[in-house]
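Take a look at the structure set out below.
The values are calculated or read from the model by the stated rules, or taken from the named source; none is laboratory data. Note that this is a predicted model, so its numbers are computed, not measured. Here the Cβ positions follow ideal geometry from the backbone for every residue, glycine too, while neighbour counts run over all protein chains shown. Heads up: the accessible areas ignore ligands, DNA and RNA and are worked out on the full protein's heavy atoms, side chains in. Shrake-Rupley method; radii C 1.70, N 1.55, O 1.52, S 1.80 Å.
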Amino acid sequence: VLILVIVAAPHAFAADRPNIFIAISDDVSFPHASAHGSKMVNTPAFDRVAADGVLFNNAFCPAPGCSPSRAAFLTGRHIWMIEEAGTHASYFQAKYKTFPEALQASGYFVGATGKAWAPGNFRHNGREHNPAGKSYGAKKSGYVGGFENFMSERPQDQPFCFWFGSSDAHRSYKKGSGLAKGKTLDQAEVPAFLPDHPEIRSDLLDYAFEVERFDDDCDQMLKILEAAGELDNTLVIITSDNGMPFPRCKATLYDLGTRVPLAIRWGEKVQGLREVDDFVSLCDLAPTFLEAVGLKPPEQMTGRSLTPLLLSKKSGQVDASRN
């Protein structure tokens with residue numbers, strides 16, 4: 001990775017290198033964003049990114065669990081190619097380089113707040129920071145405060161890569177939080193495989209409450225980027241690590257365990273109001289980021305860059321070879 005970074009350095013240090021902002025929720029299934037048609041949730045930040053860029057209708061996580069999915073996302077490699085990192089709550093060997101590490105080596109300011117690669121012990125193999133980047137946590141001011149701390153420490157005019165990992169909508173929930181917010185039981189979207197019972201409906205509304213709380217954090221961070229004049233030169237990604245924490249969802253290979261929301265915005269580089277139906281994986285994001293900043297993805301990355309899909313002006317099926 002470092003050799004490739006050095007070879008690509010002249011182009012990579014160009015003044016127009018985009019920032020990268022990643023917002024990843026915890027345990028949220030497709031189609032639980034209002035841009036995807038869900039009426040149970042209202043997600044204006046996700047919808048804005050989708051409207052300004054591309055909404056992916058068939059995005060899948062590499063594994064239906066937090067730790068392996070995030071490791072595959074970070075390395076651009078399938079879980080069976082990264083040893084312990086491809087399992088749950090284990091280790092992340094330093095020999096498996098991540099896209100934040102490649103970006104940092106090429107001059108990017110890199111950081112994270114909230115849930116990065118987790119759960120697991122990244123220090124076991126000698127890493128100083130989480131594979132997603134140095135933590136800019138802010139216990140008192142929350143995730144948004146962590147992003148504000150990161151932006152305040154960022155050197156002027158240095159491009160950045162930031163990972164916002166929320167713990168929403170991971171269990172446990174505050175029982176009744178959805179109803180307390182004003183949602184009603186008839187708004188709950190009950191999957192056919194779950195009993196249609198008021199207790200289930202209320203639980204789904206508690207989940208929806210946390211989906212919306214994640215979206216609100218995204219909205220505040222996007223406004224910070226906009227106020228700083230950075231939004232249009234930032235590649236923005238909003239997605240989830242795996243599906244919702246309900247039976248036949250998370251930890252299973254059914255659609256509600258593996259299919260996740262995904263929207264990507266990149267200023268004028270990407271034509272907005274497009275929906276893409278091609279099959280894509282979170283493994284595809286690491287090579288996408290490297291290509292976007294002028295770096296050649298290493299051969300070890302098995303993900304396929306989404307750049308052709310993003311730069312295309314087509315909707316629907318763009319690349320038949322993906323399906």
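Of the set (1) open to solvent by 10 Å² or more (accessible area, probe 1.4 Å); (2) under 27 Å from Tyr254 (Cα atoms); (3) among the hydroxyl-bearing types (Ser, Thr, Tyr), all apply to Ser67 but (1).
So Ser321 fits all but one of (1) buried (at least 22 other Cβ atoms within 10 Å of the Cβ); (2) free of Cβ contacts under 8 Å to residues at least 12 places away in the same chain; (3) of a type in the set (Gly, Ala, Ser); what number is the exception? Ser321 satisfies every listed condition except (1). Considering only residues in segment 264-297 that are within 17 Å of Lys313 (Cα to Cα) and of a type in the set (Lys, Arg), the one that is least open to solvent (accessible area, probe 1.4 Å) turns out to be Arg274.
Of all residues in segment 238-264, those satisfying the criterion of being in contact with a Lys or Arg (Cβ under 8 Å, 6 or more places away or on another chain) and not aromatic (Phe, Trp, Tyr) are Asp241, Asn242, Gly243, Met244, Pro245, Leu256, Gly257. Evaluate segment 203-213: report whether one residue or more is at pLDDT 95 or above, of a type in the set (Asp, Glu) and surrounded by fewer than 19 Cβ atoms within 10 Å (Cβ to Cβ). No: zero hits. Residues of segment 293-323 that are over 16 Å from Arg265 (Cβ atoms) and in contact with a Phe, Trp or Tyr (Cβ under 7 Å, 6 or more places away or on another chain): Arg322, Asn323. Looking only at segment 12-46, residues that are under 15 Å from the mean Cα position of the chain (by Cα) and part of a helix (DSSP H, G or I) come to 2 in all. For residues that are open to solvent by 30 Å² or more (accessible area, probe 1.4 Å) and touching a helix residue (DSSP H, G or I) at 6+ places or on another chain (Cβ under 6 Å), scanning just segment 99-129, find the one that is farthest from Ala71 (Cα to Cα). Going through the qualifying residues, I end up with Ala105.
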